[in-house]
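The block underneath contains the structure these notes are about, expressed in structure tokens.
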Amino acid sequence: MTYSKLPHKRKAGPASAKAVVFAGGDKVLLLKKPNGKWDLPGGKLEKGEAWIEGLAREVYEETGLKIVRARWVAGWKKKCSKHERAIKGVFLCRLDRKSKKSRIEISDEHVKGGFFSLKQIKNLFLPQEYAEAICLAARKIGA
């Protein structure tokens, strides 16, 4: 199931937020996991945490970069246990340009990070739902 609108009232239960961050027009920030899969920055929200608040915290923890704006792109439910489903939301984000810190500082959750063109992304080991969310986000900014 894909959500086209942000579910503002987040119910109790697991949720995660991911960021599509563009730089230089069509380059997207991706992080590489130790298992070889590429990932969007972001992660699990804490209990009671709002979408954008959790997204900003996770992006900062994983990259050292601050986001200043986020717009809902897509979302879906994913089975995380026998009886529980988690909702995952993807947001189009803008980085804080005032920040003097523009270098990516990768956390220990990932082994590599960088900005990749939309062409390069097609050749990376990236989950299909993330690739689709990146395409949706690219359309929103005209990339």
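The values are calculated or read from the model by the stated rules, or taken from the named source; none is laboratory data. Note that the structure is a prediction, hence the values are computed from the model and not measured. Here Cβ is always computed from backbone atoms with ideal geometry, including for glycine, and neighbour counts include all displayed protein chains. Heavy atoms of the whole protein, side chains included, go into the accessibility calculation; ligands, DNA and RNA do not. Shrake-Rupley method; radii C 1.70, N 1.55, O 1.52, S 1.80 Å.
Quick notes on this one:
- Solvent exposure ordering (accessible area, 1.4 Å, most first) of Phe22, Phe125: Phe125, Phe22
- Restraint check, Lys27/Lys122; Lys44/Lys77; Lys44/Lys119, Cα-Cα greater than 23 Å: Lys44/Lys119
- At an R0 of 22 angstrom, the distance between the Cβ atoms of Ile106 and Trp76 translates into a FRET efficiency of 0.25.
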